[in-house]
Amino acid sequence: MTATQRRGRRIMMTPGERDSYLAEQRTCRVATVSDDGRPHVGALWFVWDGTSLWLYSITRSLRWSQLRGDPRTAVVVDDGVEYGELRGVELSGSAVAVGEAPRTGEPCAELDVPERLFASKYFGMEDMPHDGRHAWLRLTPDAVTSWDFRKLPGPA
């Protein structure tokens, strides 16, 4: 169950705005934590299917090993340069590996949609290329927070 955003309701994105925003953005920042509590943040490509954020990560990365040890994560997708342009989405919850790791293309019905979305978004292709180095993590968020400062009233 996704937690409801309480603060910043004036600047919160509607579900449709959030879905469109996540579909158009290309890079997210994924926060993980080591077993001694040290945080790690790294950039990654992703797709959003309307319910879950799908992360395509190198399996020999620090991110992958930390999420295997502690699946709790927070992911931020944001953009904007000037204060009045800032917007973004933060999703948090537990990441779950889906499919074989590393991914070589074995049939996996659960990956049909994210791989089609990913191949189209990043490669302009219908079919997902597999390099035997990456695998899928699914984050179905427990909490989602969004902001769009463009909704703030301008100067009078």
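Sort out for me the strands (runs of 3 or more DSSP E) sitting completely within region 14-95 that have 3 or more residues that are in contact with a helix residue (DSSP H, G or I) (Cβ under 7 Å, 6 or more places away or on another chain).
On the way: elements: 27-33, 39-48, 53-58, 72-79.
Hits in region 14-95: 27-33, 39-48, 53-58.
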| Got at least one residue in region 145-156 being surrounded by fewer than 15 Cβ atoms within 10 Å (Cβ to Cβ), more than 16 Å from residue 57 (Cα to Cα), at pLDDT 90 or above and hydroxyl-bearing (Ser, Thr, Tyr)? | no
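Among 93, 99, which is the only one that is under 15 Å from the mean Cα position of the chain (by Cα) and at positive phi?
On the way: 99 fails: under 15 Å from the mean Cα position of the chain (by Cα).
Being under 15 Å from the mean Cα position of the chain (by Cα) and at positive phi holds for just one of 93, 99, which is 93.
A quick yes/no check of all residues on (1) surrounded by fewer than 19 Cβ atoms within 10 Å (Cβ to Cβ); (2) modelled with pLDDT under 95:
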position: 16; (1), (2): yes, no
position: 32; (1), (2): no, no
position: 37; (1), (2): yes, yes
position: 41; (1), (2): yes, no
position: 46; (1), (2): no, no
position: 54; (1), (2): no, no
position: 62; (1), (2): yes, yes
position: 74; (1), (2): no, no
position: 85; (1), (2): yes, yes
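Checking the structure you have, find out if any residue of region 88-99 is touching a residue at least 40 places away in the same chain (Cβ under 8 Å), of a type in the set (S, T, N, Q) and more than 13 Å from residue 46 (Cβ to Cβ).
Within region 88-99 (the criterion being touching a residue at least 40 places away in the same chain (Cβ under 8 Å), of a type in the set (S, T, N, Q) and more than 13 Å from residue 46 (Cβ to Cβ)), the answer is yes, since at least one residue qualifies.
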| query | In region 120-144, which residues are without any contact (Cβ under 8 Å) to a residue 60 or more places away in the chain and either surrounded by fewer than 19 Cβ atoms within 10 Å (Cβ to Cβ) or under 14 Å from the mean Cα position of the chain (by Cα) (or both)? | reply | 120, 123, 124, 125, 126, 127, 129, 130, 131, 132
| remark: Of the residues in region 91-108, those that are under 14 Å from residue 31 (Cα atoms) and surrounded by 19 or more Cβ atoms within 10 Å (Cβ to Cβ) come to 91, 93, 95
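Would you confirm whether any residue within region 111-119 is outside any helix (DSSP H, G or I), acidic (Asp, Glu) and open to solvent by 50 Å² or more (accessible area, probe 1.4 Å)? Before the answer, list the steps.
As a first pass, look at region 111-119 and keep what is outside any helix (DSSP H, G or I): none.
No, there is no match, as no residue in region 111-119 is outside any helix (DSSP H, G or I), acidic (Asp, Glu) and open to solvent by 50 Å² or more (accessible area, probe 1.4 Å).
The values are calculated or read from the model by the stated rules, or taken from the named source; none is laboratory data. Keep in mind it's a predicted model, so treat the numbers as computed, not measured. Note that each Cβ is placed from the backbone with ideal geometry, even for glycine, and that neighbours are counted across all protein chains shown. Just so you know, the surface numbers come from the protein's heavy atoms only, side chains and all, with ligands and any DNA or RNA stripped out. Shrake-Rupley method; radii C 1.70, N 1.55, O 1.52, S 1.80 Å.
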